[in-house]
Amino acid sequence: QVQLVESGGGLVQAGGSLRLSCAASGRLLSFYTMAWFRQAPGKQRELVSCFTSDGTTDYSDSVKGRFTISRDNGKNTVYLQMNSLKPEDTGVYSCARAPGWGRSHIPSDYPYWGQGTQVTVSS
């Protein structure tokens with residue numbers, strides 16, 4: 001059974017930083033594509049970043065250069081380091097695991113999800 005548990009969200013001022021963690025149970029994350037999505041109030045869920053099993057990373061244009069996705073295989077955990085946060089980064093951030101190693105920006109391609117963690121950036 002796959003279980004993903006996020007942590008690290010909170011309230012931060014614009015320009016600040018947060019690091020989100022996604023700890024997984026079950027098979028090693030290194031075999032799969034992992035992703036962070038976010039959903040702002042009234043908006044659709046969107047991809048923030050993904051990390052394929054071969055180490056390839058993707059970022060949305062809105063976070064490129066500010067956010068970094070990484071993985072600790074020993075801890076079976078994926079991280080999202082978020083720097084220079086902006087009010088428009090506010091939303092519920094969820095990690096997700098793909099069924100395989102392919103890269104996708106589409107939420108419905110990910111069958112396994114964490115419960116989400118709230119990130120609020122004040123201006």
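Read the figures in this text as sums done on the coordinates, not as results from a lab. Because the structure is predicted, anything quoted here is derived from the model rather than measured. Counting neighbours? That spans all protein chains shown, and the Cβs are built from the backbone with ideal geometry, glycine included.
If pairing requires two Cys Cβ atoms under 4.7 Å apart, which cysteines of the chain are left without a partner?
If one checks each Cβ against the other cysteines of the chain, CYS50 turn up with nothing under 4.7 Å.
Over the chain, with a Gaussian network built from C-alpha contacts below 10 Å, which listed residue (SER30, SER108, SER70) shows the highest mean-square fluctuation?
Judging by the Gaussian network model, the answer is SER108.
Once each part is reduced to its C-alpha centroid, what is the distance from region 7-39 to region 78-100 in angstrom?
5
In the Gaussian network model of the chain, springs joining C-alpha atoms below 10 Å, which of PRO87, PRO99, PRO41 carries the largest mean-square fluctuation?
The residue with the greatest mean-square fluctuation here is PRO41.
HIS105 versus THR56, label points 7 Å from Cα toward the beta carbon: distance in nm?
So the label points at HIS105 and THR56 sit 1.4 nm apart.
Spelling out what I want: for every residue of region 21-27, take phi, set θ = phi - 60°, compute 6.51 cos²θ - 1.76 cosθ + 1.60 (Karplus), and round to whole Hz; glycine and proline get x.
Those phi angles translate into 10, 9, 8, 10, 10, x, 5 Hz.
Note down the nm distance, to one decimal, between modelled labels 7 Å out along Cα→Cβ at LYS75 and at GLN115.
Rounded to a tenth, the inter-label distance reads 2.0 nm.
Tell me the Kirkwood hydrodynamic radius of region 1-88 in angstroms, computed as one over the mean inverse distance between distinct C-alpha pairs.
Across region 1-88, the inverse of the average 1/r is 13.7 Å.
Which ³J(HN,Hα) values in Hz, rounded to whole numbers, follow from the phi angles of region 45-50 under the Karplus curve 6.51 cos²θ - 1.76 cosθ + 1.60, where θ = phi - 60° and Gly and Pro get x?
With coefficients 6.51, -1.76 and 1.60, one gets 5, 10, 6, 9, 6, 9 Hz.
HN-Hα J couplings of region 86-100 from phi, Karplus 6.51/-1.76/1.60, θ = phi - 60°, integer Hz, Gly and Pro as x?
10, x, 6, 7, 4, x, 8, 9, 10, 9, 8, 10, 7, x, x
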